[in-house]
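The values are calculated or read from the model by the stated rules, or taken from the named source; none is laboratory data. This one's a predicted model, so the numbers in the text were calculated from it and none came from an experiment. Backbone-built Cβ (ideal geometry, glycine too); neighbour counts: all protein chains shown. Ligands, DNA and RNA are excluded from the accessible area calculation, which covers all protein heavy atoms including side chains. Shrake-Rupley method; radii C 1.70, N 1.55, O 1.52, S 1.80 Å.
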Amino acid sequence: MNEGDIHAILTRVLRAGRLPGGVKLGEHRLADIFGVSRERIRKVLHRLGAERLLDIIKNRGAFTIEPDLRESHMVYEARRILESGMAAHLAENLSEAQIARLRRHVEAEGEALRQDDQPTWQRLSAEFHFLLAEMTENPLVQRQAHELISRTLMLVKRYETTAGSACGCEEHRAIFRALAARERGKAVKAMTTHLSLVETRLRPTLCEAVGPSLDDVLREEIARASREATIAAE
């Protein structure tokens, strides 16, 4: 497995918030899981640290980010500023092919919610915002959006109740409808309203359920990446 594949798998795990905060990603352990050298793992971890998906602590190593509910307002305010601008731009510049792609995406979100498939819905919900950033075709916007969205995904994973899922899905539909209709003002309002509502749905948790181990999560993602590669090759 090359460094790009390892980076893609770890990025997907971290953005999805599948690991709790403060988990150490040890080089030896990851090297065993991925079947590569520690040097290769070290390069990937430092890249993830530079992308703000991990905390790299000197003399201690790499750790998953511990989301801080106290900083949520600052992060969501930054997202509202950035993504309202994205919505304004996209409402005037989306191609018909991009609109069709967004339509398929929000339909897939809705289907996952109807099937009560929370893991798939959470992944698609996050990807909706990454997809909008990608459609701006602006590398600087994409970089800032990826960092901010990734940090709020960790907050949502930890602090938002599952009751917010249906609300979020409908809010994405509202954003899509405004973009598809090329209504700039409505698109901006729908985006800022959505991000504000997500922020209000964050609640402190008294306890956390014990989730799968690091090994289990990564081996599952490795298997998933292998299946996707096989399908793409067929």
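Below is a table of values for the structure above.
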read-out: Projected label distance in nm at E183 and E137, using a 7 Å step from Cα toward the beta-carbon; value: 2.6 nm
read-out: Kirkwood hydrodynamic radius of the range 80-121, from inverse mean 1/r over distinct Cα pairs, in Å; value: 11.8 Å
read-out: Long-range HN-HN contacts of L54 with modeled amide H, under 5 Å; value: G49
read-out: Within the chain: Cβ-based charge dipole about Cα centre, in debye rounded to nearest 20 (Lys, Arg +1; Asp, Glu -1); value: 420 debye
read-out: Percent breakdown of C-alpha pair distances by 10 Å bin, ordered from the shortest bin, for the chain; value: 7, 30, 35, 22, 5, 0
read-out: Listed peptides 51-60, 181-190 by packing density, highest first (mean Cβ within 10 Å); value: 181-190, 51-60
read-out: The chain: angle of helix 184-200 to the longest principal axis, Cα-based, in degrees nearest 10; value: 50 degrees
read-out: Pair R227, R60: separation of 7 Å Cα→Cβ label points (nm); value: 3.6 nm
read-out: Whole-percent pair-distance distribution, where bins are 5 Å wide, for the alpha carbons of the range 87-159; value: 3, 15, 23, 21, 21, 12, 4, 0
read-out: Carbon + sulfur, % of accessible area of the range 80-119 - ligands and nucleic acids excluded, 1.4 Å; value: 50 percent
read-out: Rg/Rh ratio calculated on Cα atoms of the range 31-118 (Kirkwood radius); value: 1.12
read-out: Efficiency of FRET from Cβ geometry, H28 and R101, R₀ 35 Å, rounded to 0.05; value: 0.25
read-out: Amide H within-cut-off set for V23, under 5 Å, with H built and near neighbours excluded; value: T64
read-out: Value of [θ]222 nm, deg cm²/dmol, for the chain, DSSP H segments ≥ 4, -39500 (n - 2.57) each, nearest 500; value: -24000 deg cm²/dmol
